[in-house]
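Q: Quick one: structure below, then a few questions.
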């Protein structure tokens with residue numbers, strides 16, 4: 001919640017852009033354009049990690065149930 005309050009303190013809520021992240025806007029305003037690129041990289045990495053775990057967990061569950069001979073049907 002603290003980062004949101006900081007962003008709202010720096011940029012008024014009605015001036016936030018829909019095209020870039022509010023975090024990137026704050027870093028760009030402060031003159032740290034390199035930090036904005038790093039934040040974008042971290043966000044992209046986090047999204048890919050979530051997608052990977054979202055695929056891995058159900059596939060392992062399906063594999064395990066099939067190895068045990070379970071069909072999932074009553």
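None of the figures in this text is laboratory data; all of them are computed from the coordinates on show. Predicted model, so just to flag it, every value in this text is computed and none were measured. Neighbour counts are summed over all protein chains in view; Cβ atoms, including those assigned to glycine, are modelled from backbone coordinates with ideal geometry.
Q: Along the Cα→Cβ direction, 7 angstrom out, place labels at residue 28 and residue 60. What is the inter-label distance in nm?
A: 3.9
Q: Taking 8 Å as the Cα distance limit and 6 or more residues as the minimum spacing, I'd like the relative contact order of the chain as a percentage. Display every interim value, and only then the final one.
A: On the way: 21 pairs, mean separation 11.8, N = 74.
Rounded, it is 16 percent for the chain.
Q: How do the peptides 30-40, 10-20 rank, highest first, by the average count of neighbouring beta carbon atoms within 10 Å per residue? Don't jump to the answer; show the numbers that get you there.
A: Numbers: 30-40: 12.7, 10-20: 9.5.
The peptides rank, most packed first, as 30-40, 10-20.
Q: Sticking with this structure for a sec: Among rounded, prolate and oblate, which fits the chain when a ≥ b ≥ c are the square roots of the eigenvalues of its C-alpha gyration tensor, a/c under 1.5 means rounded, and a/b larger than b/c means prolate? Could you put the intermediate results ahead of the total?
A: Working: a/c = 4.92, a/b = 3.05, b/c = 1.61.
Prolate is the answer for the chain, as a/c is 1.5 or above and a/b outweighs b/c.
Q: Report, in deg cm²/dmol and to the nearest 500, the calculated mean residue ellipticity at 222 nm for the chain, where each DSSP H run with n ≥ 4 adds -39500 (n - 2.57) and the sum is divided by the residue count. Write out the running numbers ahead of the final one.
A: Working: 3 runs with 52 residues, N = 74.
Calculated from helices alone, the mean residue ellipticity at 222 nm is -23500 deg cm²/dmol.
Q: Need one number for segment 35-74: average projected area of the convex hull over its C-alpha atoms, nm². Numbers along the way, then the final one.
A: Working: hull surface 12.7 nm².
Over every viewing direction, the Cα hull of segment 35-74 projects on average to 3.2 nm².
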